[in-house]
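Could you have a look at this structure, given as structure tokens, before my questions?
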Amino acid sequence: MAQVKASLAGRDVSINGHVNGAVVARKRLIVGRSGSLIGDVRVARLVIQDGASFSGKVSMGAGAEKAKAAEAAPAPAAPPEPPYRPWSRHPSWNPLSLRLLSRSRLRSNPQ
């Protein structure tokens, strides 16, 4: 029997194995006789057959539609964080500047 540990989303979802995770079904969710579901559910229609097990919260109807619409709208992506460069904080910390500085010191202090 299949065991899934993930969130699922689909139009018509049918579970006949073990699922541990949230489920969003746009039309209908069926938990079959041999199925078990542990997780929150957002559905338009829910069918739990005799012998199936379910543990979680159910959101149906208008509440599920609002949640579905909010889920369908993609969240704005955060801009990627620039890589950490300690020398970018101060111009004298730039590796190129440090190399040039060390070369100029070597030329000015002949020993």
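Give me a count of the residues in segment 43-74 that are out of contact with any Asp or Glu (no Cβ under 8 Å at 6 or more places or on another chain) and either surrounded by 12 or more Cβ atoms within 10 Å (Cβ to Cβ) or modelled with pLDDT of 90 or more (or both).
19
Considering only residues that are assigned to a loop (DSSP other than H, G, I, E, B), among the small types (Gly, Ala, Ser) and surrounded by 15 or more Cβ atoms within 10 Å (Cβ to Cβ), which ones fall in segment 9-27?
Ala22
The values are calculated or read from the model by the stated rules, or taken from the named source; none is laboratory data. Here the structure is a predicted model, which means the values were calculated and not measured. Please note: Cβ atoms are built from the backbone with ideal geometry, for glycine as well, and neighbour counts cover all protein chains shown.
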